[in-house]
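Structure first, commentary second.
Derivation of every value follows stated rules applied to the coordinates shown; laboratory data play no part. Because the structure is a prediction, the values reported are computed rather than measured. Please note: Cβ atoms are built from the backbone with ideal geometry, for glycine as well, and neighbour counts cover all protein chains shown.
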Amino acid sequence: MSTPVAMRRPQGRRPATPRILTNIQSRFGPMRISPLAVALVAVACPLLASAQDESPQVQSIRTDEQIILSQIMTDKRAVYAQAMRLSDGESRAFWPVYDEYEAKVKKIDDRFIQLADGYAAKYSTTTDADAQQILAAKMKLDRERMDLQQAYTKKIARAVPVIKALRYAQVESRIDNELQRKLMQLIPIAP
């Protein structure tokens, strides 16, 4: 599997940082690679390896999805750590709630990627019945994600000062919007 031309970079140059992370970095300072990045690479490698049995279009979308998710998720925890500026006590209250939320939202994201991959696999043969099923599944995932986000934002507001909960919600929205925008660019408009 070769790297798409748009993803290649000249020797000796650092990889491009997604704009949302660049904006957050400029406000909160530089970030380091977190243990989450290592975990994401470990999870992404088997997924990329399993893509070999699929059509080139599905492989390309799956690869692009994994690249985008990896780019955005790599330093997400570090972004929160810098943006939230938590005291030790606030950290002990915040991080377990955050980790629980991330684990649950990852399951929703995985289901969305599965849905998008299924759509890509039969893009040229999508029927009205397929479209109805895909639309209903997407709307259900959107509702689940929003419900989860609201529930956990309330939990975070109980765990840390409300101003920090607002800060969390703002950063979460920015990262989520950027992730969704990039993923949606990969999915072709219905035929």
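Three principal axis extents describe the C-alpha atoms of the stretch 118-191; from largest down they are 52, 20, 13 Å. Legend: calculated FRET efficiency, Val162 to Lys140, from the Cβ-Cβ distance at R0 = 30 Å, rounded to 0.05, equals 0.45. Applied to the stretch 102-114, the Karplus parametrisation 6.51 cos²θ - 1.76 cosθ + 1.60 on θ = phi - 60° returns per-residue 3J(HN,Hα) values of 4, 4, 6, 5, 4, 5, 5, 4, 4, 5, 5, 5, 4 Hz, with x for Gly and Pro. Under 18 Å from a point placed 7 Å out from the Cα of Ala121 along the Cα-to-Cβ direction: which residues of the stretch 173-189 have their backbone N that close? Only 187-188 fall inside the zone, counting backbone N under 18 Å.
Would you mind classifying the stretch 68-162 by shape? Square roots of the alpha carbon gyration tensor eigenvalues, ordered a ≥ b ≥ c; an a/c under 1.5 is rounded, otherwise it is prolate if a/b is larger than b/c and oblate if not. Because a/c hits 1.5 or more and a/b exceeds b/c, the stretch 68-162 counts as prolate.
In this structure, the residue pairs whose Cα-Cα separation is over 18 Å, taken from Lys107/Lys138; Lys76/Lys138; Lys107/Lys154; Lys76/Lys140; Lys104/Lys140; Lys76/Lys104, are Lys76/Lys138; Lys107/Lys154; Lys76/Lys140. Placing a pseudo-label 7 Å from each Cα along the Cα-to-Cβ vector at Asp110 and Arg92 gives an inter-label distance of 3.2 nm.
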